[in-house]
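Comments concern the structure below.
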Amino acid sequence: MTHLFLLFLATAAFGLLCLSRERHQRDLAGRKLARRATKYARLGGFAILAVAFLLAGSRFGWAVGALEWLGLSSIGALLTMALLARRSGRAS
């Protein structure tokens, strides 16, 4: 169950990091977001990644937890990229 939660956190974090980019804001929101919203999206994405790292380290031990976090973060990034490509219509 922890694995799924970590994957969810990673996907949410990378989704927020995508929203902090102007190009993806136009794809997802249809407009450029306010500077404050962009800042909060970036901070929120990094904060969620940090929480996921701490959770993985405390749950699995720091050596295995770091590897678990890296692997699930990579999968979360790929899922976010695939969902973004599908949403924006650039899926090949």
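Read the figures in this text as sums done on the coordinates, not as results from a lab. Note that the structure is predicted; figures quoted are calculated from it, not measured. Heads up, the Cβs are rebuilt from the backbone with ideal geometry, glycines too, and the neighbour counts pull from every protein chain shown.
Its residues counted as N, the chain yields a C-alpha radius of gyration over 2.2 N^0.38 Å of 1.16.
The distance from the alpha carbon centre of the range 33-56 to that of the range 1-31 is 9 Å, rounded to a whole number.
Among the trypsin sites (Lys or Arg not before Pro) in the chain, those placed in a DSSP loop whose Cβ has at most 10 other Cβ atoms within 10 Å are R31, R90.
The sum of -39500 (n - 2.57) across all DSSP H runs of n ≥ 4, divided by the residue count of the chain, sets its helix-only mean residue ellipticity at 222 nm to -29000 deg cm²/dmol. Stretching V64 away from E22 to a fully extended chain increases their span by 11.6 nm, per 0.36 nm per residue minus the current alpha-carbon distance.
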